[in-house]
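Single-structure report; data block below.
The values are calculated or read from the model by the stated rules, or taken from the named source; none is laboratory data. Worth saying up front: this structure is predicted, and the values here are computed from it rather than measured. So basically every Cβ, Gly included, is an ideal-geometry build from the backbone, and we count neighbours across all protein chains shown.
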C-alpha cells in the first residue's frame, strides 16, 4: 500500500477479469494500473481490503489514509475509486448530527472520483442514504472479499463515468437551449402596426445547428406612415459575423426611427460597422427600401447588395434597377449610396433577399442559380398561385433541392405585399 504497500491476491478469470483490465486504465490515460484510495479510521487493525491483482497479474495499488487531511494529500489524478469508511469522525472533529458528514466532505473533495461507502453489516439504510447523497454504491465491512470488491470497484468507476457523461450531455443541451433562446430573441420582430402591407420572412443560417447567421433583416413603420425595410449580409458565417449582423440591424432600426434615411443612414451604419468589426477586411452588403405611406412609391438604396424583385399582377416579375448600386459597407471610407425612386403601383409584391438564395449550385455541373435562375423560379411559383409565406417557403426549399442538399451560405428572404 501507499501509506502502506500494494497488496496482491487473485481475481476471477473470464469476463470479470477482462472488465477489470479495461478499468485498470486511469482517467488520465497514463497506462498506470488501477488505484484505490482507502479512507478508514483504524488502519492499524487487520486489513479490511482483500489482496487484489489486475488481469495482467500486477498488484492493484491501494493507498490508505488515516484521516481526511491525509486523504487530500493522497488523492491524485491516478486514483480511480475511493473506499470510504462511514465510521470516520465528522470533519473538524465536531459532533455533527449528520451521519454522512464525512461522505459529503469527500464528495466535495473528490467530485470527479467514484466513491464506495463502507458501513457496518446490516446497516443497509445508511448505505442506501449514502448512495442517494452521491456515492456510487455501498458495501458491508465484514462481507468484503476479492471478487466482491473487484466487481464493486469496476461498477463504481463505470457508473461515475456514465454519470459524468450524462451530466455533461445535460449541461451541453442546456447551453444549446439557452443559445437557441438567445438567438431567437435576437431575430427581429417587425414594427409595422398601422400599415396595410403584409410582411413575411424566411431565415436559414449556413452554420450547422445555428439559428442565427451573418444575414440580417428588419422592417419598421415611422410615424409619418412610411414603411422602411432592409436586408443585409455580413461576409462570413461564424458567431462573430452573426453578432455583427445583429448590431447592424439594431443600429439600422434606431437610426431609422430617429429619422435617418438613404445615404445618411448607410453612412452612419458604415461607421458602426467599422467600429464594431473584428477585422478591417470585414464588410457587409445592405439593401434598404422606404415605401411611401400611400404604398405606390419607394426609395431604394443598394450597398453592394442584389437588387430586390418586384412582382405585379399582369406583369412578369422583374428585378429593380441596379445601376446606382453603391459599394458594400466597410470597403470605401466616405462612400456614397444614391437613393433611387421606384414606382410600385397599386398592387405588388416586393422581395428582398441575400445572395445565399442565388449562389446555390444547380445540377451536377456546378453552375450557380444566379439572379436569372431565381427570377424564372419565382415567376413560375407565382403563376402556380403561391404568395406570402408559402412563396418564400417554396423558394428556399427549391433552391436547397437544386443545390442537392443544405446550402452552405446563410439565406434570408423578406416579402412585402400590398393588395388593394
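The figures follow:
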{"read-out": "Residues of segment 90-100 classified as surrounded by 17 or more Cβ atoms within 10 Å (Cβ to Cβ) and either at pLDDT 90 or above or over 27 Å from residue 78 (Cα atoms) (or both), total", "value": "1"}
{"read-out": "Subset of segment 326-335 (residues that are touching a strand residue (DSSP E or B) at 6+ places or on another chain (Cβ under 7 Å) and part of a loop (DSSP other than H, G, I, E, B))", "value": "327, 328, 330, 335"}
{"read-out": "Matching residues, segment 228-250, being in contact with a helix residue (DSSP H, G or I) (Cβ under 9 Å, 6 or more places away or on another chain), within 19 Å of residue 262 (Cβ to Cβ) and not in a helix (DSSP H, G or I)", "value": "228, 230, 232"}
{"read-out": "Pairs, first within 12 Å of residue 311 (Cα to Cα) in segment 369-385, second assigned to a helix (DSSP H, G or I), C-beta under 8 Å, six or more apart", "value": "378/391; 378/395; 381/391; 381/394; 381/395; 381/398; 382/391"}
{"read-out": "Residue list for segment 248-283, restricted to those being buried (at least 19 other Cβ atoms within 10 Å of the Cβ) and under 26 Å from the mean Cα position of the chain (by Cα)", "value": "248, 249, 273, 277, 282, 283"}
{"read-out": "Hits in segment 171-193 (condition: surrounded by 10 or more Cβ atoms within 10 Å (Cβ to Cβ) and either at pLDDT 85 or above or within 26 Å of residue 290 (Cβ to Cβ) (or both))", "value": "186, 187, 188, 190, 191, 192"}
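Table: residues versus (1) outside any loop (DSSP other than H, G, I, E, B); (2) in contact with a helix residue (DSSP H, G or I) (Cβ under 7 Å, 6 or more places away or on another chain); (3) modelled with pLDDT under 95; (4) farther than 20 Å from residue 244 by Cβ.
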position	(1), (2), (3), (4)
270	yes, no, no, no
279	no, no, yes, no
290	yes, no, no, yes
300	yes, no, no, yes
311	yes, yes, no, yes
324	no, no, yes, yes
337	no, yes, no, no
349	yes, no, no, yes
375	yes, no, no, yes
